[in-house]
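Values in this text are rule-based calculations from the coordinates and carry no lab data. Only a predicted model underlies this, so the values are computations on that prediction, with no experimental measurement involved. Here the Cβ positions follow ideal geometry from the backbone for every residue, glycine too, while neighbour counts run over all protein chains shown.
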Amino acid sequence: MKRICVFLGSDMGSRTDYLFSVKHLAKEIVERDIELVYGAAKVGLMGKLADAVLNSGGRVIGVIPKGLTQKEIVHDKLTELIVVSSMHERKAQMAGNKMKYTLYHLDKIGLSLEGMMVFKFQKML
C-alpha cells in the first residue's frame, strides 16, 4: 500500500483555509487508497487530518515520542501507533516507513486564486 507522511501543526493555525485544506487532503488520501503516516496527535491540524481520514474509512499510522504520550495528546483511534524514544527517531521512523510519497509542512500546501488545492508530492527514492 502507498503511504504519505504529513507534517502538520498541533494547533489550528490562524487561517480558516488550513482546515479546508486538511479536509480536502484527507479526501484525496482516502480516494487514492493511500495510508496516512503522521505525528499521532489528536490535537490541532494533525488531529483534524487523522479524524477526516479515519472517518472516511482510511488507515492512519501515528508515530510519537514516548515523552509526548504522557501529555495525553495521542489520538486514540489510530489504525496503528508507533511509540519511539525521541523526536529524532520519530522523524527517522516516519521518513523510513517505506512511503511512496511524502508531503511536507502545511504551509507548502497552497490555495490557487481559483481556490483549487495545490499538493506538492515528492517521490521518495
Long-range HN-HN contacts of Ala41 with modeled amide H, under 5 Å | His75
Going by average Cβ neighbours within 10 Å, how do the peptides 53-66, 34-47, 83-96 rank, with the highest at the top?
-> 34-47, 53-66, 83-96
Backbone HN-Hα couplings from phi across region 37-48 [Karplus 6.51/-1.76/1.60, Hz, Gly and Pro as x] | 10, 8, x, 6, 7, 9, 9, x, 5, 4, x, 5
Taking a 20 Å limit on the Cα-Cα distance, which of the listed pairs Lys2/Lys66; Lys23/Lys66; Lys27/Lys77; Lys42/Lys91; Lys2/Lys42 fall beyond it?
-> Lys2/Lys66; Lys23/Lys66; Lys2/Lys42
Run the quick spin-label model on Asp33 and Lys2: label points 7 Å from Cα toward the beta carbon, then report their separation in nm to one decimal.
-> 1.1
Hey, rough spin-label estimate for Ser85 and Met12, points 7 angstrom out along Cα→Cβ, what's it come to in nanometres?
-> 3.8
Long-range amide H partners of Val84, meaning residues 5 or more apart or on another chain whose placed amide H is closer than 5 Å, are Ile64, Lys66
So who's got an amide H within less than 5 Å of the one on Arg3, skipping anything under 5 residues away but keeping other chains? H placed 1.01 Å off N, in plane.
-> Glu35, Lys100, Tyr101
Note, region 86-92: 3J(HN,Hα) by Karplus (6.51, -1.76, 1.60, θ = phi - 60°), whole Hz, Gly/Pro = x, goes 8, 5, 4, 5, 4, 5, 5
What's the percent breakdown of Cα-Cα distances in region 1-103 across 5 Å bins, shortest bin first?
-> 2, 14, 26, 26, 19, 10, 2
